[in-house]
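Here is the structure we will look at, set down as structure tokens.
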Amino acid sequence: MSTDTTVLGVNEKKRRVAKRLIQQAATLVEFWGEMGDPTVDSEFARACLARWLEDLPGKDWDLRLNEPRPAPPDQNGEP
């Protein structure tokens, strides 16, 4: 277990989990030929994973999944 005693809030924990999930999905796509399903094209897998993961919290996108779609405008006018 880690000796780090920093107390993280729920949102920060979610952001960190999302970051790791996105990194793992990008690694899967990068090595699709070895790790993926040979009956599914790697670009199809990349597009599916990017679509499924794009709404996760945080701003830690991995470009191996290509650029995510732009976020819709904020209803409150905030960036």
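The values are calculated or read from the model by the stated rules, or taken from the named source; none is laboratory data. For clarity, every value in this text was computed on a predicted model and none was experimentally measured. Please note: Cβ atoms are built from the backbone with ideal geometry, for glycine as well, and neighbour counts cover all protein chains shown. Ligands, DNA and RNA are excluded from the accessible area calculation, which covers all protein heavy atoms including side chains. Shrake-Rupley method; radii C 1.70, N 1.55, O 1.52, S 1.80 Å.
Just a few scattered comments:
- Taking the criterion of being among the charged types (D, E, K, R) and within 25 Å of E12 (Cβ to Cβ), no residue of segment 22-50 qualifies.
- Members of segment 46-60 that are at pLDDT 90 or above and of a type in the set (A, V, I, L, M, F, W, C): A47, C48, L49, A50, W52, L53
- Test: residue in segment 14-24 that is in contact with a helix residue (DSSP H, G or I) (Cβ under 6 Å, 6 or more places away or on another chain) and either at pLDDT below 95 or surrounded by 13 or more Cβ atoms within 10 Å (Cβ to Cβ) (or both): yes
- Selection count, segment 31-63, where residues are open to solvent by 100 Å² or more (accessible area, probe 1.4 Å) and in a helix (DSSP H, G or I): 6
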